[in-house]
Amino acid sequence: MEQDEHNDDQIRQILSLKKIAVVGMSKNEEKAANYVPKYLMSNGYEIIPVNPTAENILNKKCYANLADIAESVDIVDVFRPSDQVMPVIQEAIKLKPKVIWLQEGIHNEEAENLARQAGIDVVFNRCMLAEHQRLS
């Protein structure tokens, strides 16, 4: 699977943004959707979990969906299968984040183009933890 065309400096700049809504965040500590945001929290990021099946994850209030988040977010980090990304992106656009980050293995060109048309930068098929470790 291809990856977005950001260079390392652009990824570093994106990683300097600190407020991240994590869609599909998991209660299961063995899943990337749990240990990646946990890692980011331990590195100074503010994480907002989004998962309709949980009330709290990592001692953070969990939101059922992006529409329930009243505050602004810098990045929407998505842990959902590629074929389920479109409604997430449509919701994310209303939050006006600077970046939508689709985790490793996730790519939906139609949804990504929709976000770009709304002026939102899109990263796809990359792991935020791996990129943070690689570049810091």
So for region 91-114 (the condition being out of contact with any Pro (no Cβ under 9 Å at 6 or more places or on another chain), within 21 Å of Asn51 (Cβ to Cβ), of a type in the set (Val, Ile, Thr) and without any contact (Cβ under 8 Å) to a residue 60 or more places away in the chain), does at least one residue qualify?
yes
Would you confirm, using the coordinates I've provided, whether Ser72 is surrounded by fewer than 17 Cβ atoms within 10 Å (Cβ to Cβ) and among the hydroxyl-bearing types (Ser, Thr, Tyr)?
yes
Only listed residue being of a type outside the set (Phe, Trp, Tyr) and either touching an Asp or Glu at 6+ places or on another chain (Cβ under 7 Å) or under 16 Å from Ala21 (Cα atoms) (or both), chosen from Asn108, Asn59, Asn113
Asn59
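Does Lys31 satisfy the criteria of being of a type in the set (D, E, K, R), open to solvent by less than 80 Å² (accessible area, probe 1.4 Å) and out of contact with any Leu (no Cβ under 9 Å at 6 or more places or on another chain)? Please lay out each step first, then the result.
On the way: of a type in the set (D, E, K, R): yes; open to solvent by less than 80 Å² (accessible area, probe 1.4 Å): no; out of contact with any Leu (no Cβ under 9 Å at 6 or more places or on another chain): yes.
So Lys31 does not fit the description; no.
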Looking at (1) of a type outside the set (Val, Ile, Thr); (2) surrounded by 17 or more Cβ atoms within 10 Å (Cβ to Cβ); (3) under 16 Å from Ile20 (Cβ atoms), can you tell me which one Ser82 breaks?
(3)
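Count, please, the residues in region 2-38 that happen to be of a type in the set (D, E, K, R), assigned to a helix (DSSP H, G or I) and in contact (Cβ under 8 Å) with a residue 12 or more places away in the chain.
Step one: of region 2-38, the residues of a type in the set (D, E, K, R) are 2, 4-5, 8-9, 12, 18-19, 27, 29-31, 38.
Keeping just the survivors that are assigned to a helix (DSSP H, G or I) gives 8-9, 12, 38.
Subset that is in contact (Cβ under 8 Å) with a residue 12 or more places away in the chain: 8, 12, 38.
Result for region 2-38: 3.
The values are calculated or read from the model by the stated rules, or taken from the named source; none is laboratory data. Source: prediction; values computed, not measured. Note: ideal-geometry Cβ built from the backbone for every residue, glycine included; neighbour counts use all protein chains shown. SASA here: full protein model, heavy atoms, side chains in, ligands and nucleic acids out. Shrake-Rupley method; radii C 1.70, N 1.55, O 1.52, S 1.80 Å.
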